[in-house]
Amino acid sequence: MDSTQSLKNVELNDLHIALGGKMVPFAGFNMPVQYSNLILEHNAVRNNVGVFDVSHMGEFMLKGDKALELIQLVTSNDASKLTDGKVQYSCMPNNTGGIVDDLLVYRYNQNEYYLVVNASNIQKDWDWIASHNTFGVQMENMSDGLSLFAVQGPNAIKVLQTLTDVNLSEMEYYSFKGGTMAGCEDVIISNTGYTCAGGFELYVWNKDASTLWDAIFEAGKSFDIIPCGLGCRDTLRLEKGFCLYGNDINDSTSPIEAGLGWITKFTKDFVNSSYHKSLKENGVSKKLVGFEMLDRGIPRQHYSIKDAQGNLIGEVTSGTQSPSLGKAIGMGYVTTEFSKAGTEIFIEVRDKALKAVVCKIPFL
């Protein structure tokens, strides 16, 4: 983005500025990258509780007796396995061997589904799904009317349970319920998250966003709850090896190459499924791997990955200094022969070849 004039604001933009949020352009939105200190915010989520405003995410409603057929066509996972109140992680393959986006699929009932997509891809995803909608499915883009708060951390449930009659402890991972929270009606309470630290994501109408945010922080006072920015959201997800669209997966990466075979089901046909099936059966030339730095240095996206002889074997897709582990970690694509855990590789950082080792994901 060349100018903040072209950026969209989330509903609570002014509040984040008042709270001292450092605002940066992200996925077409003005978003808080941090409020106080990245490590402090990271540790709060890992060990206690923190709140992210991720209202930039996109939400689509699909309705109709053939809604499932449309979802089955455009997504790689098998949505027919979903039951009411369950959520599924999936991706949308394109026609050229890559991924349009990764997303969450929520099933309300057999004729009503809710898709949550990445902010940077809202229009692209909408157009893609619409172009395949030959089923007469009713589509509604709800993105501009909703706010989304991710209350994450081991104490998140204690904070939120005081605000709702919904029994949060009975909610399984990747399930959701509609309910009232802090007096706000029609809140979608989802046991999902991008941190693997426990917690819930709350979808709320914009008109109630401020009320719910304030109630969460009032309820969390005794737990020293804090707002958290996108900076620590990235370090948290990387420690767990979660893919970030635009980094680890994109329009040219197959879910098979990215280690997402578990969300790529060939029990049905989907867009370009034969291509990905052939990769699974015949093998891939590159794989997404995790690695830890052995030499001192922090890997960053697009840094070259080389072998001991200096030959180019891949590229870093994500990297950071892990606050929880106290070491630099990263993910990247390497040629398959270098993808086994324990393999020594070298990351080119400022023209220096720094030693690293391939390791299993998640890191933590």
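Laboratory data are not the source of any read-out in this text; all were calculated from the coordinates shown. Keep in mind it's a predicted model, so treat the numbers as computed, not measured. FYI the Cβ positions are ideal-geometry reconstructions off the backbone, even for glycines, and counts take in every protein chain you see.
Set the Förster radius R0 to 56 Å, insert the Cβ-Cβ distance between residue 341 and residue 207 as r into 1/(1 + (r/R0)^6), and round the FRET efficiency to 0.05.
On the way: r = 50 Å, r/R0 = 0.89.
Calculated transfer efficiency: 0.65.
Hydrodynamic analysis of the chain uses the Kirkwood radius over alpha carbon pairs. Inserted into Stokes-Einstein at 10 °C and 1.306 mPa s, it gives a translational diffusion coefficient of 74 µm²/s. Of all lysines in the structure, those lying under 25 Å Cα to Cα from residue 355, and not within fewer than 8 positions of it along the same chain, are 240, 286, 287, 306, 327, 340.
Can you compute the charge dipole magnitude of region 221-321 about its Cα centre, using +1 on each Lys and Arg Cβ and -1 on each Asp and Glu Cβ, nothing else charged? Give it in debye, rounded to the nearest 20.
Values: 13 positive and 12 negative charges, 47 e Å.
So the magnitude is around 220 debye.
Cross-link reach is defined here as a Cα-Cα straight distance under 20 Å, omitting same-chain residues fewer than 8 places apart; for residue 66 the lysines meeting it are 81, 86, 265, 268.
Given only helices, namely DSSP H runs of n ≥ 4 each adding -39500 (n - 2.57), what is the per-residue ellipticity at 222 nm of the chain, to the nearest 500 deg cm²/dmol? Walk me through the intermediate numbers first.
Details: 8 runs with 74 residues, N = 364.
Counting only the DSSP helices, I get -6000 deg cm²/dmol.
Please list the equivalent ellipsoid semi-axes of region 285-359, computed as the square roots of five times the alpha-carbon gyration tensor eigenvalues, in descending order and whole angstrom.
Values: eigenvalues 58, 35, 23 Å².
Its equivalent ellipsoid spans semi-axes of 17, 13, 11 Å.
Residue separation of residue 22 and residue 267 scaled by 0.36 nm, minus their Cα-Cα distance, works out to 83.6 nm of gained length. For residue 361, the residues whose modelled amide H falls within less than 5 Å of its own, excluding neighbours fewer than 5 places apart on the same chain, are 290. Using the alpha-carbon positions of region 11-90, Rg (one decimal) and Dmax (whole number) come out as 18.1, 49 Å. Mean projection of the Cα convex hull over all viewing directions, computed for region 1-56: 4.0 nm². Taking a point 7 Å out from the Cα of residue 301 in the direction of its Cβ, the residues of region 44-72 whose backbone N falls within less than 20 Å of it are 53-58. Phi angles across region 346-355 convert, under the Karplus curve 6.51 cos²θ - 1.76 cosθ + 1.60 with θ = phi - 60°, into 3J(HN,Hα) values of 10, 9, 7, 10, 6, 6, 10, 8, 9, 6 Hz, Gly and Pro given as x. When only alpha carbons are used to place a centre, region 276-310 and region 31-88 end up 27 Å from one another. For the options 232, 243, 184, a Gaussian network treatment of the chain with springs between C-alpha atoms closer than 10 Å singles out 184 as fluctuating the most.
Among 46, 300, 350, the largest mean-square fluctuation in a Gaussian network model of the chain (Cα springs under 10 Å) belongs to 350. GNM on the chain, alpha-carbon springs under 10 angstrom: the most fluctuating residue among 83, 320, 253 is 83. For region 192-205, putting each phi into the Karplus relation 6.51 cos²θ - 1.76 cosθ + 1.60 with θ = phi - 60° gives couplings of 9, x, 10, 10, 6, 10, x, x, 9, 10, 10, 9, 9, 4 Hz, in residue order, rounded to whole numbers and with x for Gly and Pro.
How big is the Cα convex hull of region 226-310 in projection, averaged over all directions, in nm²? Walk me through the numbers on the way to the answer.
Numbers: hull surface 34.5 nm².
Computing the convex hull of the Cα atoms and averaging its projections yields 8.6 nm².
Separation of region 135-173 and region 208-245, taken as the distance between their Cα centroids, equals 13 angstrom.
Contact order normalised by length for the chain, with contacts defined as Cα pairs under 8 Å and 6 or more residues apart; what percent is it? Walk me through the numbers on the way to the answer.
On the way: 840 pairs, mean separation 62.4, N = 364.
So the answer I get is 17 percent.
Derived scalar couplings between HN and Hα for region 210-227 equal 5, 4, 5, 4, 4, 5, 4, 6, 5, 5, x, 3, 5, 9, 6, 4, 9, x Hz in order, rounded to whole Hz, by the Karplus curve 6.51 cos²θ - 1.76 cosθ + 1.60 (θ = phi - 60°), x for Gly and Pro. One quarter of the surface of the convex hull around the alpha-carbon atoms of region 209-364 equals 12.5 nm², the direction-averaged projected area.
Annotation for region 200-277: trypsin sites (Lys or Arg not before Pro) lying in DSSP loop with at most 12 further Cβ atoms inside 10 Å of their Cβ do not exist.
In nm, what is the difference between 0.36 nm times the number of residues separating residue 185 and residue 315 and their Cα-Cα distance? Mind dumping the intermediate values first?
Working: separation 130, 0.36 × 130 = 46.80 nm, distance 4.67 nm.
Separation in residues times 0.36 nm, less the Cα-Cα distance, equals 42.1 nm.
Annotation for residue 69 and residue 95: the two label points, set 7 Å from Cα along the Cα-Cβ direction, are 2.1 nm apart. A cut-off of 5 Å between modelled amide H atoms, ignoring neighbours fewer than 5 places along the same chain, links residue 249 with 244.
Averaging sequence separations of C-alpha pairs under 8 Å and six or more residues apart, then dividing by the length of region 285-359, give the relative contact order as a whole percent.
On the way: 195 pairs, mean separation 29.8, N = 75.
Relative contact order comes out at 40 percent.
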